[in-house]
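The numbers here are math on the coordinates, done by the rules we state, and not lab data. In this text, all values refer to a predicted model and were calculated from it rather than measured experimentally. Cβ: placed from backbone, ideal geometry, glycine included. Neighbour counts: every protein chain shown.
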Amino acid sequence: MLQSRGVSDLLAAEKKAQELIEEARKRKNKRIKDAQSEAKAEIEHFKADRERQYKILEQQQLGNRTQMTEQSSKETQIQIGALKSQYESNKQQLLQRIITLVCDIKPEAHMNARF
Amino acid sequence: MSLNDDDVAKQIQHMIAFIQQEAVEKVEEIEAKAEEEFNIEKSRLVSQQRAKIIEYYDKKEKQIELQRKIQHSNLANASRLSILKARDDYVQALKEEARKQLSILTQDRSKYQTILSNLIAQGLFLLMEKEINLRCRRNDYELVQQLIPDAIQRYKQELKQNDIKVTIDDKNFLAEDSAGGVELYAMGGKIKVSNTIEARLAMIFNQILPEIREKLFGVNQNRKYHD
């Protein structure tokens with residue numbers, strides 16, 4: 001009688017032990033699966049951060065764009081203005097030269113035709 | 001010898017305790033392994049995805065930089081082009097000014113007479129033909145008629161040729177608003193010498209363009225060779 005009770009106790013303990021181990025294994029598998037979802041969450045966080053960083057850069061760039069255009073056209077206008085003043089100051093002299101040359105006509109026979 | 005009940009009970013307790021102990025240890029082992037594999041898997045996934053994300057955003061940021069450079073280059077280009085266009089506009093304006101002044105000048109009869117006489121003579125020398133047809137402005141018709149004999153004289157003197165016949169076209173004339181001068185035709189209109197004021201202006205203007213550019217825009221720093 002004692003023996004059978006002892007044996008059944010042992011069997012019960014063995015069974016309990018197996019159950020505990022089985023549960024631990026199940027937890028282990030779940031834990032490993034959790035790795036995926038946790039990794040995903042972390043990555044999403046990282047991605048959002050990076051995206052924010054990128055957006056800031058993009059905005060900056062947009063701002064620079066308009067500034068660059070303005071600056072470029074301002075500088076161009078200055079240079080074109082300088083052209084105008086140079087034209088005005090040199091115009092007369094050049095016109096004189098051109099007109100003198102146009103009116104200076106030398107009718108000559110061709111070199112080979114002269115004897 | 002048989003064990004008494006107490007001994008058996010104790011043995012059994014020991015065995016049960018042993019089984020339980022083993023189970024606990026095994027569970028601990030499993031849990032430790034679980035944690036370890038969890039960490040490995042998680043960091044593997046994270047670093048894999050991280051690398052992809054970093055590469056993606058690096059590329060996008062490079063694109064931004066590229067766009068910036070492209071824009072800068074486009075602006076510089078557009079600026080250069082508009083400056084070049086402005087320069088060309090001024091050169092053309094100069095030419096037009098010259099034309100206007102020449103138009104006014106040719107209204108001065110004495111000056112125009114010399115010029116026209118020279119132009120006719122020069123035309124004759126260029127053509128060296130026996131029969132020449134002259135075309136002038138309608139208003140210049142009489143003046144040209146007066147000047148032809150002198151031009152022929154000069155021609156004969158220089159070239160010692162005696163037969164040359166010059167006629168003025170009285171059906172076709174140069175445009176009213178032209179600055180003056182003559183067009184000479186030979187061989188039934190097959191050879192043409194355009195000795196109008198405009199033609200001379202165009203030719204001379206083109207020839208002294210380098211000088212004009214230098215005076216208007218300064219010496220070109222980028223030019224390497226000067227001859």
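Tabulated data for the structure shown
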item	result
Structure-based [θ]222 nm, chain A - -39500 (n - 2.57) summed over DSSP H runs of at least 4, per residue, nearest 500	-34000 deg cm²/dmol
Cα centre as origin, Lys/Arg/Asp/Glu Cβ charges: region B:122-227 dipole, Debye	340
Dipole magnitude of region B:92-145 about its Cα centre (Cβ charges: Lys, Arg +1; Asp, Glu -1), debye to nearest 20	120
Dipole of chain A, positive end: most advanced residue of A:A82, A:F46, A:V7 [Cβ charges, Cα centre]	A:V7
Loop trypsin sites (Lys or Arg not before Pro), region A:31-115, which have at most 11 other Cβ atoms in a 10 Å radius of their Cβ (DSSP)	A:R114
Shape call, region A:1-74: gyration tensor on alpha carbons, a/c limit 1.5	prolate
Average beta-carbon neighbours from other chains, 10 Å sphere, peptide B:78-86	4
For B:6-15, mean number of other protein chain Cβ atoms within 10 Å	3
Mean separation of Cα contacts under 8 Å (6+ apart) over length of chain B, as relative contact order %	18
Positive dipole terminus of region B:44-115, leading residue within B:H72, B:I115, B:L105 (C-beta point charges)	B:H72
In region B:158-216, GluC sites (Glu not before Pro) in a DSSP loop with at most 11 other beta-carbon atoms within 10 Å	B:E176
DSSP-loop trypsin sites (Lys or Arg not before Pro) across region B:191-227, with at most 14 other Cβ within 10 angstrom	B:R223, B:K224
Spatial separation of Cα centroids for region B:1-43 and region A:90-112, in angstrom	118
Global form of the protein assembly as shown, assessed from the alpha-carbon gyration tensor, a/c cut-off 1.5	prolate
Lys, Arg +1 and Asp, Glu -1 on Cβ, resulting dipole of chain A about Cα centre, debye, nearest 20	240
